[in-house]
1. Collect the residues in the stretch 78-106 that are open to solvent by less than 30 Å² (accessible area, probe 1.4 Å) and over 18 Å from the mean Cα position of the chain (by Cα), keeping them in residue-number order.
2. Please verify whether residue 274 is under 22 Å from the mean Cα position of the chain (by Cα), within 20 Å of residue 238 (Cα to Cα) and modelled with pLDDT under 95, treating the condition exactly as stated.
3. Can you tell me how many residues within the stretch 305-324 are assigned to a strand (DSSP E or B) and open to solvent by 60 Å² or more (accessible area, probe 1.4 Å)?
4. Tell me which residues, restricted to the stretch 64-77, are open to solvent by less than 20 Å² (accessible area, probe 1.4 Å) and closer than 19 Å to residue 212 by Cβ.
5. Considering only the stretch 142-200, state which residues are of a type in the set (Gly, Ala, Ser), open to solvent by 10 Å² or more (accessible area, probe 1.4 Å) and in a helix (DSSP H, G or I).
6. Considering only the stretch 209-238, state which residues are more than 18 Å from the chain's Cα centre (by Cα) and of a type in the set (A, V, I, L, M).
7. If you go through the stretch 23-57, how many residues are within 15 Å of the ligand (Cβ to nearest atom) and of a type outside the set (Val, Ile, Thr)?
8. Would you confirm whether any residue within the stretch 330-350 is in a loop (DSSP other than H, G, I, E, B), more than 15 Å from residue 13 (Cα to Cα) and open to solvent by 70 Å² or more (accessible area, probe 1.4 Å)?
Amino acid sequence: MRIEELDTPAVIVDWDVMQENIRSLADYCLKHGIGLRPHTKTHKIPAIAKMQIQAGCQGITVAKVGEAEVMAAAGLEDILIAYPVLGTSKLERLAKLARDRKITVGVDSMEAIEGISQVGRRADSHISILIEFDMGMQRCGLQSPEALVSMARNVEKLPGVRFAGIMFYPGHIWDLPPDQLPALLKVSQKVREIREKLRQHGLECEVVSGGSTPTAYNSHLVQGITEIRAGTYVFYDMNEAGVQACKLSQCALKVLVTVISNAVEGKAMIDGGSKTFSGDRLISGDKTGFGYITEHPEIKFVSMSEEHGHLDLGLSSHKPSVGEKLSIIPNHVCACVNMHDQIYYHRKGIVEGMWTVEGRGKVR
Ligand SMILES: Cc1ncc(COP(=O)(O)O)c(C=O)c1O
């Protein structure tokens, strides 16, 4: 079957483009002696996680315990939960996960560490802890190297947990790759300072886990980094293209839609809105629109209702006919994937199969 024959809206992935994205970053990491632990929140599909491992990734990253369960059930063996795990129910599930595989958790509070320590102790095992440091995103993470050292020392005193190193997410760096040097040098300097202070207290920092997709190919500028957790790179999207983290031709995932109406002058409606694409606005480039229409870039995807995508034909000499299919690169691919039960993959336009988005909705 050709992709145009799929019922819409349909999420379609170009197999070859995705494989090249996976291979290319794995090669870069190998060349620079940096580990790759991709964040699987982008695809939430164990089969893709396994391809990333096969390409040389040392393990995977997830945000939620539920995502870790999906990946573990599929046989993934080395999982970083880069998100604080809190509350009895999640801690019990964490203990079960840690029984049969390597589990590491990223945290920034003693409340989280004490909970993990209790389940680790009960299970007679040691769950590895990465302490998160805030490099400037102002989301999570300790604010000073001293606070981090103090927390690491406390981890060392507790049973059931082991201080493995530090974690940071440079999600505040959205400069074009050639302009990232100053921001990444600051990160590098902070990493050096933290490691030095840990060393002074006799603490080894085995893991320095960082990385993002916009900064992925500049990760070697952060001295001492041991692994990166880029996730979006597997498919890329318009946010990444807007900061030249990728070319449009590297965007592996598109949403195939059908024009359902052209009755209103100067507009066309497609059968996907915010429940298909997610409501994410473009946060890079010209920061306008909800996706890139590959067949007709001059047609602008200007707004969305829940089930309608509003196309503005003002700059276009082409008036799409009702029933016409269009393929659109979403703004934020991770949020878009999470709206769908299935994703189709194709090679040169021929549908070869379908994945279930198994981690979809696993927000607990
Ligand atoms: C903690 C953490 N690590 C890694 C990533 C992956 O980053 P990117 O989306 O830039 O690939 C994210 C993304 O949200 C994240 O929150």
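1. Listed by number, the residues that qualify are 85, 91, 94, 95, 97, 98, 103.
2. Against the criterion (under 22 Å from the mean Cα position of the chain (by Cα), within 20 Å of residue 238 (Cα to Cα) and modelled with pLDDT under 95), residue 274 does not qualify.
3. 1
4. 67
5. Result: 147, 150, 183.
6. 221, 222, 225
7. Here the count works out to 16.
8. no
The values are calculated or read from the model by the stated rules, or taken from the named source; none is laboratory data. Since the structure is predicted, the reported quantities are computational estimates derived from the model, not experimental observations. Heads up, the Cβs are rebuilt from the backbone with ideal geometry, glycines too, and the neighbour counts pull from every protein chain shown. These accessible areas exclude ligands, DNA and RNA; they are computed on the full protein's heavy atoms, side chains included. Shrake-Rupley method; radii C 1.70, N 1.55, O 1.52, S 1.80 Å.
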